[in-house]
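Chemist: Shown below is the structure under consideration.
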Amino acid sequence: MASKESSNISMVLKYFDGCNSGDLDVLLSTLDPNVVHYFLPARFPPIYGAEHLAKYWRKFQGLLNPVWRIDHILARDKEVVSEWSCLWTPQGTSQHVMMRGTEWYVMRDGRIAEVRAYFLYDDSADTQLAGFPYLARDYLGITR
């Protein structure tokens, strides 16, 4: 893998570390100042700007106690794509819910300039592929 692609993957992995910790400095170090994050569910409007996006993930971390993990990641040129898992706790419950999705990243000068997030959202049920052998393939698991 080319060093630029390897560097881009490292930046996305660091971004996920920031999402897990809610650390604004870590998140900001991964984001282009003019980053745009697009979400598939219409209830989530796009987020514009590094500070807004970093604060969004800090709030998400503080409210929902998520555990994010990238299960697969690939890069080519200035793009990175990941398949991720997120185990989180809806507010007012002790129930753990699994959400899985994929994201496309466009990199600019070594930082994330665009995120396109494809996932389903349901705060009362897991959103994952029916019948897929997640645990057998070493994806983030859920125990009940």
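The values are calculated or read from the model by the stated rules, or taken from the named source; none is laboratory data. Fair warning: this is a prediction, and the values are worked out from it, not measured in the lab. Note: ideal-geometry Cβ built from the backbone for every residue, glycine included; neighbour counts use all protein chains shown. These area figures cover heavy atoms from the full protein model, side chains too; ligands, DNA and RNA do not enter into them. Shrake-Rupley method; radii C 1.70, N 1.55, O 1.52, S 1.80 Å.
Chemist: Under 16 Å from the Cα of residue 55, which aspartates and glutamates turn up, not counting those fewer than eight places away in the same chain?
Modeler: Output for residue 55: 17, 23, 25, 32.
Chemist: Continuing with this model, one more query. Please state the equivalent ellipsoid semi-axes for the chain: what are the square roots of 5 times the Cα gyration tensor eigenvalues, largest first, in whole Å?
Modeler: Listed largest to smallest, the semi-axes of the chain are 24, 19, 13 Å.
Chemist: Rounded to the nearest whole Å², what accessible area per residue is found for the chain with the 1.4 Å probe?
Modeler: 56 Å²
Chemist: Just to verify a number: FRET efficiency for residue 108 and residue 135, C-beta to C-beta distance, R0 = 41 Å, to 0.05?
Modeler: After rounding to 0.05, the efficiency reads 0.65.
Chemist: Rounded, prolate or oblate: pick one for segment 52-130, where a ≥ b ≥ c are the square roots of the eigenvalues of its C-alpha gyration tensor, a/c under 1.5 means rounded, and failing that, prolate if a/b is larger than b/c, else oblate.
Modeler: Verdict is oblate for segment 52-130.
Chemist: Order of 27-39, 87-99, 52-64 by packing, highest average Cβ count within 10 Å first?
Modeler: So the order, starting with the most tightly packed, is 27-39, 52-64, 87-99.
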